[in-house]
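*Asks:* Take this structure, written in structure tokens, and hold onto it; I'll ask about it next.
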Amino acid sequence: MKFSFARPALALAIMATLASCGGGGKATFPITVTVSNVRYPGLVLSTNGQDLTVNPPSATSATDAIVPDVVLTFPNSIEYGQEYEVVPKGATVVNHAATGGALPKHQQCSPNLFPAYGTAGQLAKIDIRYACAINTYPLTGTVKGLTGTGLVLANGSTTGTIGVSPAVDANNAPTGADVTLTMNPVPYGSTYGVTVLTQPTSPAQTCTVTGGGTNGTGGGTMDDAAEAATSPGVNNLVVTCVTNK
């Protein structure tokens with residue numbers, strides 16, 4: 001008889017446990033987001049009709065080498081089996097790739113390490129990771145009069161150098177025609193200073209750099225004006241080469 005009462009008692013205990021967990025309803029999952037390297041305001045993430053404003057850490061500045069992660073949770077949890085996709089608010093999403101939307105000024109942000117979409121219950125918790133990067137813009141111009149070989153240009157804000165070869169004709173002879181100059185892109189807010197690292201030889205020439213920012217000698221800052229230009233970036237560098245007498 002003791003055994004016959006054990007099963008009902010066990011069933012009641014299980015029912016009581018379920019009741020204490022919400023009456024046997026579906027499990028719910030909070031959506032937590034960790035955003036790294038957010039340096040400017042403007043990022044708003046959205047999913048399942050909810051918005052989450054992500055501001056940069058107040059104790060840091062946009063120029064700090066390291067910015068602490070921002071960890072936030074959407075206001076409402078979602079139920080087991082619900083789908084979610086965390087994207088910048090207003091973004092265009094095609095095959096889980098988001099374009100545009102409410103991004104920080106001067107930055108792009110995208111999912112990092114793990115997909116930003118899924119179904120609640122696939123994993124023990126929903127932990128979205130986003131990483132933000134400073135926008136970079138082209139640094140371009142024209143090399144004029146180059147007939148020698150070996151011209152090397154450098155940008156003072158980077159460790160990279162660019163070699164420039166002269167334009168040649170069908171017989172591989174230098175023509176001195178204009179050559180397009182493309183330096184490494186420069187992040188927003190960074191300074192640049194294009195200089196001649198190695199002058200050309202055969203024939204020996206002297207090249208000088210003009211254009212760029214306000215100093216007119218190949219230097220400046222990738223600033224708001226460069227970002228807002230019809231063709232964003234700096235495209236007015238001019239390197240003029242003259243054959244030595």
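The values are calculated or read from the model by the stated rules, or taken from the named source; none is laboratory data. All of these numbers come straight from a predicted model, not from anything done at the bench. Every residue, glycine as well, gets a Cβ built from its backbone with ideal geometry; the counts of neighbours run over all protein chains shown. Protein only, heavy atoms only, side chains kept; ligands, DNA and RNA dropped before computing areas. Shrake-Rupley method; radii C 1.70, N 1.55, O 1.52, S 1.80 Å.
*Asks:* Determine if segment 71-84 includes at least one residue that is open to solvent by less than 60 Å² (accessible area, probe 1.4 Å), of a type outside the set (Gly, Ala, Ser), modelled with pLDDT of 95 or more and closer than 18 Å to Gln108 by Cα.
*Replies:* no
*Asks:* Sticking with this one: Is it the case that Thr230 is open to solvent by 70 Å² or more (accessible area, probe 1.4 Å), within 23 Å of Ile134 (Cα to Cα) and in contact with a Leu (Cβ under 8 Å, 6 or more places away or on another chain)?
*Replies:* Here the answer is no, as Thr230 does not meet what is asked.
*Asks:* Right, another one. For the condition open to solvent by 40 Å² or more (accessible area, probe 1.4 Å) and either part of a strand (DSSP E or B) or farther than 30 Å from Pro88 by Cβ (or both), what is the one hit in Gly163, Gly176? Reasoning before the result, please.
*Replies:* On the way: Gly176 fails: open to solvent by 40 Å² or more (accessible area, probe 1.4 Å).
Matching residue, one of Gly163, Gly176: Gly163.
*Asks:* Does Thr191 satisfy the condition of being polar (S, T, N, Q), open to solvent by 70 Å² or more (accessible area, probe 1.4 Å) and in contact (Cβ under 8 Å) with a residue 40 or more places away in the chain?
*Replies:* No.
*Asks:* Confirm whether Val87 is open to solvent by less than 40 Å² (accessible area, probe 1.4 Å), among the β-branched types (Val, Ile, Thr) and under 15 Å from Thr32 (Cα atoms).
*Replies:* In short, yes.
*Asks:* Would it be correct to say that Leu103 is touching a strand residue (DSSP E or B) at 6+ places or on another chain (Cβ under 8 Å), within 23 Å of Val67 (Cβ to Cβ), at pLDDT 95 or above and open to solvent by 30 Å² or more (accessible area, probe 1.4 Å)?
*Replies:* Yes, satisfied.
*Asks:* Listed residues Thr119, Thr136, Thr140; which is over 30 Å from Thr240 (Cβ atoms), surrounded by fewer than 18 Cβ atoms within 10 Å (Cβ to Cβ), hydroxyl-bearing (Ser, Thr, Tyr) and in contact (Cβ under 8 Å) with a residue 24 or more places away in the chain?
*Replies:* Step by step, each of Thr119, Thr136, Thr140 is checked, and only Thr119 is over 30 Å from Thr240 (Cβ atoms), surrounded by fewer than 18 Cβ atoms within 10 Å (Cβ to Cβ), hydroxyl-bearing (Ser, Thr, Tyr) and in contact (Cβ under 8 Å) with a residue 24 or more places away in the chain.
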